[in-house]
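Asks: Have a look at this one.
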Amino acid sequence: MKLTLGERIKKARKQAKLSQLQLGVALKVSDKTISGYESDRISPPIEKLQKIAELLKKPITYFLGIDERDYSIQARLRAVEIKLREIRQELREIKVQARKASK
């Protein structure tokens, strides 16, 4: 199920461990305005959306629903771990080939 813009803002805010008030202060709007964004009653102007993306450390495409990737820290760590496993496997293969070539 695709999340709405408001749901994405709320999810990202919670992942960043910010309250609506804290995000509102950073954006120079009220916590009621943030509540409006999150409930899809109000659409944030593009300048505010850009600032939200910057503050919550996600690309603006995430909020626009263009980018479905999970940008949580856990997801990033999983991706790094997978890449490290792949690199280790490649290194093992290179070592095996080097040993064969030296014989």
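Asks: Which of the residues belonging to the range 22-31 are of a type outside the set (S, T, N, Q) and surrounded by 13 or more Cβ atoms within 10 Å (Cβ to Cβ)?
Replies: LEU23, GLY24, VAL25, ALA26, LEU27, VAL29, ASP31
Asks: From the list LYS28, LYS57, LYS32, exactly one residue is at pLDDT 95 or above and on the phi > 0 side of the Ramachandran plot. Which is it?
Replies: None of the other options fit; the residue is LYS28.
Asks: Do we have any residue at all in the range 32-43 that's buried (at least 18 other Cβ atoms within 10 Å of the Cβ) and closer than 13 Å to PHE63 by Cβ?
Replies: Scanning the range 32-43, I find at least one residue that is buried (at least 18 other Cβ atoms within 10 Å of the Cβ) and closer than 13 Å to PHE63 by Cβ, so the answer is yes.
The values are calculated or read from the model by the stated rules, or taken from the named source; none is laboratory data. Nothing here was measured: the structure is a model prediction, and the numbers come from that model. Glycine gets a Cβ as well: all are built from the backbone with ideal geometry, and neighbour counts include every protein chain shown.
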